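This report concerns only the one structure given below.
The values are calculated or read from the model by the stated rules, or taken from the named source; none is laboratory data. Note that the structure is a prediction, hence the values are computed from the model and not measured. In this analysis, Cβ positions are derived from the backbone assuming ideal geometry, glycine residues included, and neighbour counts consider all displayed protein chains.
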Amino acid sequence: MVTITDSAVQAIRTAFAEENTTAEESYLRVSVRGGGCSGLSYDLTVDAEKRDGDLEVEKDGVRLLVDLKSQLYLTGTTLDHTSGLNGKGFVFVNPNATGTCGCGQSFSV
């Protein structure tokens, strides 16, 4: 299961508004794909449909989808959002990652 922080919920709502959609109409799809400096990277997209095998996680009306393959890499992960001095954006706290790159968007297991 993936956990969503309160700040991530607010950032997702803002992102949906920028895409001219709402949390009621859309999902945030969180997935893992090959690539990046450490071998795997996170991918976030807005999706209108749930697919077979998708895990749905909901918090305060915001819904995430995680495909079956990505579930293996994201179990126990927390999706957060930061707007500190080191930059603004989504942050993944992934207990399965054995290594990460400096930007935090790429990891290895």
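Against the condition under 12 Å from the mean Cα position of the chain (by Cα) and charged (D, E, K, R), how does residue 67 come out, does it pass? For residue 67, the condition - under 12 Å from the mean Cα position of the chain (by Cα) and charged (D, E, K, R) - is met.
Going by the conditions given, is residue 13 assigned to a strand (DSSP E or B), surrounded by 12 or more Cβ atoms within 10 Å (Cβ to Cβ) and of a type outside the set (S, T, N, Q)? Spelling it out, it is not the case that residue 13 is assigned to a strand (DSSP E or B), surrounded by 12 or more Cβ atoms within 10 Å (Cβ to Cβ) and of a type outside the set (S, T, N, Q). For the stretch 74-88, a residue qualifies if it is farther than 20 Å from residue 6 by Cβ and modelled with pLDDT of 90 or more, and exactly one does: 75.
For residues that are in contact (Cβ under 8 Å) with a residue 60 or more places away in the chain and surrounded by 13 or more Cβ atoms within 10 Å (Cβ to Cβ), scanning just the stretch 16-59, find the one that is farthest from residue 70 (Cα to Cα). Give the derivation first.
Just the residues of the stretch 16-59 that are in contact (Cβ under 8 Å) with a residue 60 or more places away in the chain, to begin with: 35-42.
Going one step further and asking which of them are surrounded by 13 or more Cβ atoms within 10 Å (Cβ to Cβ), we end up with 36-42.
On the way: 36: 16, 37: 18, 38: 16, 39: 14, 40: 11, 41: 11, 42: 9 Å.
Ranking the qualifying residues of the stretch 16-59, first place goes to 37.
When you check residue 31 against the structure, is it within 23 Å of residue 72 (Cα to Cα), among the hydroxyl-bearing types (Ser, Thr, Tyr) and in contact with a Gly (Cβ under 6 Å, 6 or more places away or on another chain), yes or no?
In short, no.
Considered as a group, the residues in the stretch 89-106 that are under 20 Å from residue 70 (Cα atoms) and assigned to a strand (DSSP E or B) include one that is modelled with the lowest pLDDT, and that residue is 106. Only one of the numbered conditions (1) in a strand (DSSP E or B); (2) within 11 Å of the chain's Cα centre (by Cα) is not met by residue 33, and that is (2).
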